[in-house]
Amino acid sequence: MEGISYQRFPKVKIRELKDDYAKFELRDTDASMANALRRVMISEVPTIAIDLVEIEVNSSVLNDEFIAHRLGLIPLTSERAMSMRFSRDCDACDGDGQCEFCSVEFHLRAKCISDQTLDVTSKDLYSSDHTVVPVDFTDNAGYDSTEPRGIIIVKLRRGQELRLRAIARKGIGKDHAKWSPAATVTFMYEPEIHINEDLMESLTLEEKLSFVESSPTKVFDIDPNTQQVVVVDPEAYTYDDEVLKKAEAMGKPGLVEIYAKEDSFIFTVESTGAIKASQLVLNAIEILKQKLDAVRLSEDTVEADDQFGELGAHMQGG
Amino acid sequence: MKVGRYNLIFYLKICFPNDYWIQFHPFNSFVSWFGDLEIGLKETMEHGSFTDNSAATFSLTDEDHTIANAVRFTLNQYPRVTFCGYSIPHPSEARVNIRVQTTGDPAREVLKDVCQNLMLMCRHVRCTFDKAVEDFKASNAVKAMKIDSQDSSGDDSEESE
């Protein structure tokens, strides 16, 4: 196509936005960008998770590494993560990666003294930094009649004790899934559905009903006033071709035409609670920009070339 | 000559601090090093020819399909690029080879341009998303206020009865 500019500027429209769930439309971009965004959201947005556990006392039924594994998977509120440093890159601490700039310290002390089983939950983890705490999952506290509980780590019987110190560090999902902030990220092409009205007229009401029923998800419905088949929810269409097969089976192959718009995507982002869903998307865009920047800047090598030449000459000469 | 080159590599690894990673390649001595960038070191090797710089293969370490596919797609939209593709030599190694062939422009410049354009697009998406979130919150706040005012006016009328 002649005259298209190199640059396309995408448009975003938000459908739903909650703390841990976001549904939005991304238009005027291509599948590779949408997929890049999805991949970065899952694996390269940094969060904070427990990485090092020092256990002082553990007389519970689970062994040490089991408990350490469970602690690592607890989601921690990670707003600080983007501005924190990776422990390996931190030059403030003396190499053990446990200074205040690159890590957050937690401790947990639980001992069961009553006859009732004690649930050790994520609420018993005390943090040294009040901005990095285990995620609180009680947004519909009305339904849980008991107190807000938290994620159960281990259950203790009378006399059993658990005492430990944990260090949480910044990481990305690529290293270990505990650092992934996304529960699920999906995108689908936006469907465009055209009903051929003339062919639809030639169907009886029962045939129309059976056609509407043939779709596994509710895409079509019969309008009660006009007795016409209308599209009630185009996005419920999952690109199974059941309705097309049904139309062919009924002997009317062109009854509906369904296209996937190639440059229009509907994203559904669910976060684990470590980062808000909207913040997750923004961080993902930021990380994608940083990666592209790294590739772009790594090409600037002209001066270094000269330096090399001099060094080489020096070596070979003397 | 060859002996001299190998000595050069050995010499560099001793005298430069561990933070800087320098890769020497026999064909094109393109060297990349980073200082304090938080993302870490990115090593890119360009396999090309000295005489014709309109065609080259860029080997990026610590990269995968995420940016390779996006760069490849965008490059294929450019009229001045005759060929663009990417491959991953081995799935266990985090390395991507991007091949670019142009109608005369240096391949390195074209790659830089496409990274620039993609970054611009990211910036735009970010601004648009921010704005969309604000609009959504504003419209929700208005709806919530309307519901509240309806509820309260409803309660008043009930109480008065």
By residue number, the members of region B:79-111 that are surrounded by 13 or more Cβ atoms within 10 Å (Cβ to Cβ), over 23 Å from residue A:39 (Cβ atoms) and of a type outside the set (A, V, I, L, M, F, W, C) are B:80, B:82, B:101, B:102, B:105, B:106, B:108, B:109
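Rundown of residues vs (1) within 15 Å of residue A:74 (Cβ to Cβ); (2) touching a strand residue (DSSP E or B) at 6+ places or on another chain (Cβ under 7 Å); (3) surrounded by 15 or more Cβ atoms within 10 Å (Cβ to Cβ); (4) at pLDDT below 95, yes/no style:
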residue	(1), (2), (3), (4)
A:91	no, no, no, yes
A:96	no, no, no, yes
A:104	yes, yes, yes, yes
A:108	yes, yes, yes, no
A:131	no, no, no, yes
A:136	yes, no, no, yes
A:141	no, no, no, yes
A:145	no, no, no, yes
Of the conditions (1) on the phi > 0 side of the Ramachandran plot; (2) in a strand (DSSP E or B), residue B:56 clears all except one; give me its number.
(1)
Could you go through region A:10-17 and let me know if any residue there is within 7 Å of another protein chain (Cβ to nearest Cβ), under 20 Å from residue B:66 (Cβ atoms) and under 16 Å from the mean Cα position of the chain (by Cα).
no
Would you pick out the residues in region A:195-213 that are assigned to a loop (DSSP other than H, G, I, E, B) and surrounded by fewer than 12 Cβ atoms within 10 Å (Cβ to Cβ)?
A:202, A:204
Within region A:49-105, the residues that are polar (S, T, N, Q), part of a strand (DSSP E or B) and more than 17 Å from residue A:129 (Cα to Cα) are A:58
Kindly indicate whether residue A:288 is touching a Ser or Thr at 6+ places or on another chain (Cβ under 7 Å), within 14 Å of chain B (Cβ to nearest Cβ) and within 19 Å of residue A:26 (Cα to Cα).
no
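Does residue A:54 satisfy being at pLDDT 95 or above, of a type outside the set (Lys, Arg), over 20 Å from the mean Cα position of the chain (by Cα) and loosely packed, with under 14 Cβ neighbours inside 10 Å?
For residue A:54, the condition - at pLDDT 95 or above, of a type outside the set (Lys, Arg), over 20 Å from the mean Cα position of the chain (by Cα) and loosely packed, with under 14 Cβ neighbours inside 10 Å - is met.
For region B:86-135, name all the residues that are part of a helix (DSSP H, G or I) and more than 13 Å from chain A (Cβ to nearest Cβ).
Just the residues of region B:86-135 that are part of a helix (DSSP H, G or I), to begin with: B:107-135.
Selection gives nothing.
Can you tell me which residue among A:35, A:63 is away from chain B (no Cβ under 14 Å) and not β-branched (Val, Ile, Thr)?
Every option except A:63 fails the conditions.
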For the list (1) closer than 17 Å to residue A:124 by Cβ; (2) over 25 Å from the mean Cα position of the chain (by Cα); (3) of a type in the set (D, E, K, R), I need the number of the one condition that residue A:65 fails.
(1)
Residues being part of a helix (DSSP H, G or I) and either within 8 Å of chain A (Cβ to nearest Cβ) or touching a Cys at 6+ places or on another chain (Cβ under 8 Å) (or both) - total across region B:59-73:
8
Among the residues of region A:69-83, are any without any contact (Cβ under 8 Å) to a residue 24 or more places away in the chain, within 27 Å of residue B:137 (Cβ to Cβ) and within 9 Å of chain B (Cβ to nearest Cβ)?
no
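The values are calculated or read from the model by the stated rules, or taken from the named source; none is laboratory data. Remember, predicted model here, so these are calculated numbers, not experimental data. Methodologically, a virtual Cβ is constructed for each residue, glycine included, from the backbone with ideal geometry; neighbour enumeration extends over all protein chains shown.
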